[in-house]
Amino acid sequence: MGSIGNSAAAAADHIRPDCVTTLVRPVSQQFQFWRDLMSPLMEIEQKKEAEEGLRCKARGYDLGTVLLTVTNLDSLNYRRDEDLIRRSGIDHWCMSILKQGQDIGRSAKRVLQARSGTIRVKSLAYPFEGCHSRISEVALFLPRDNFASLSDRLDGADHTLILGPMGQILKECLLALEEWGPRMTVADVATLTRVLTQLINAAIKPSPDNVAAARQPTAGLRFNMARKYIEDNLSSPYLGPSSLSAALGVSRRLLYYLFEPQGGVAKFILKRRLAACCKAIADQADHRLISTIAYSYGFNDPALFSRQFHAEYGFRPTDARAARRFGHAPHSSAPHSLADWFLQERKT
């Protein structure tokens with residue numbers, strides 16, 4: 001995608017910044033450009049009192065297991081509905097801090113007003129709408145599969161502010177990431193993920209009521225139930241569409257509908273089994289042979305496993321063990337679209 005690309009030629013081992021701005025476009029085209037770019041995430045519209053054009057500057061860092069964005073943007077109204085959630089295949093959590101401006105967001109259960117200096121949580125798996133003034137924001141997007149152990153905590157904290165001492169530490173961490181983004185290297189990613197997971201786990205402690213409120217009867221919930229069943233049965237040789245359909249009590253037609261944005265049930269299971277292998281291979285406490293780990297998750301052909309692993313992560317299983325690397329390697333090439341960036345895909 002011509003509008004997202006490298007701001008400069010970075011050193012080979014540094015994280016590539018992806019930058020985008022509306023300011024290089026004619027004023028009459030700025031809003032339409034930003035609306036098209038944001039369409040995988042939300043529908044946007046300008047406020048009635050807005051001036052012509054839309055000023056925006058944004059940069060993002062693909063950190064492999066997390067995505068970092070820094071945005072300066074004019075005031076807008078926004079909306080994300082069930083249909084867009086299903087079509088996009090994007091169900092990340094977003095933790096963001098407003099450096100400037102204010103935002104009022106509404107989910108099915110809550111209204112959240114965030115002002116400058118506050119840090120908040122939103123789930124892209126559930127519908128929401130809202131509006132914001134001109135803002136400056138630092139946001140961290142957490143892919144759901146990379147933070148599955150924190151699923152209940154993060155869903156329970158949807159549309160809430162993160163308060164308390166640990167919330168302050170997390171806030172300072174996000175601001176530090178903004179400053180250090182241009183200097184981060186691929187080698188920093190594994191350590192960063194461990195630190196962030198520990199901080200988030202300590203900072204977010206939703207009440208039982210909040211967790212229950214997050215469990216809304218939506219297509220997103222059904223997909224999350226299916227995801228959990230898959231995660232709990234990755235080592236089972238019987239895991240597949242038939243067992244999943246029977247366990248959840250849903251038709252295969254509904255199952256295929258839920259997994260269509262992920263490329264189908266079989267592709268999703270393959271990706272989760274590869275992720276489980278990658279995590280085990282990178283675990284210093286797991287001394288099993290790579291072939292033994294692969295076999296335990298249903299990969300009977302070592303050569304095929306190695307090819308599938310490399311195609312998914314961009315590095316070999318032996319590299320994962322040597323570097324203790326878990327998660328996608330940050331891509332060296334710029335994305336074609338915002339959806340590609342969020343889903344960590346590169347189309348040739």
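Where a number appears in this text, it was derived from the coordinates with a stated rule and is not lab data. All values derive from a computational prediction rather than experimental measurement. Here the Cβ positions follow ideal geometry from the backbone for every residue, glycine too, while neighbour counts run over all protein chains shown.
Structure notes:
- Rounded to the nearest Hz, the phi-derived 3J(HN,Hα) couplings of the range 277-291 under the Karplus curve 6.51 cos²θ - 1.76 cosθ + 1.60 (θ = phi - 60°) are 5, 4, 5, 5, 4, 7, 6, 4, 7, 9, 9, 5, 5, 4, 5, where x marks glycine and proline.
- Relative to the longest principal axis of the Cα atoms of the chain, the long axis of helix 27-38 makes an angle of roughly 30 degrees.
- Label selected from (1) 36, 25, 18; (2) 49, 20, 18; (3) 33, 24, 20, the criterion being semi-axes √(5λ) of the Cα gyration tensor in Å as computed here: (3)
- The sum of -39500 (n - 2.57) across all DSSP H runs of n ≥ 4, divided by the residue count of the chain, sets its helix-only mean residue ellipticity at 222 nm to -12500 deg cm²/dmol.
- Using R0 = 25 Å, the C-beta based FRET efficiency linking Ser236 and Asp286 works out to 0.80.
- Rounded to the nearest 20 debye, dipole of the range 5-212 from Cβ charges on Lys, Arg, Asp, Glu: 300
- A simple charge model with +1 on the Cβ of Lys and Arg, -1 on the Cβ of Asp and Glu and nothing else charged puts the dipole of the chain at about 400 debye relative to its Cα centre.
- Each Lys and Arg contributes +1 and each Asp and Glu -1, all at the Cβ; summed about the Cα centre of the range 139-204, the dipole is approximately 120 debye.
- Taking a point 7 Å out from the Cα of Glu51 in the direction of its Cβ, the residues of the range 58-84 whose backbone N falls within less than 12 Å of it are 74-75.
- Between 0 and 90°, nearest 10: helix 302-313 axis offset from the chain longest Cα axis: 10
- Under 20 Å from a label point set 7 Å out along the Cα-to-Cβ vector of Tyr229, the amide N atoms of the range 142-169 belong to 145, 148-149, 151-152.
- Separation in nanometres of the label points that stand 7 Å from Cα toward Cβ, at Asn77 and Ser136: 2.8
- 19 Å Cα-Cα threshold exceeded, pairs from Lys228/Lys267; Lys122/Lys271; Lys48/Lys109; Lys228/Lys279: Lys122/Lys271; Lys48/Lys109
- Residues whose placed amide H lies under 5 Å from that of Thr185, excluding near-sequence neighbours: Ile15
- Signed unit charges on C-beta, dipole axis of the range 217-323, positive-most listed residue Leu254, Ala226, Leu239: Leu254
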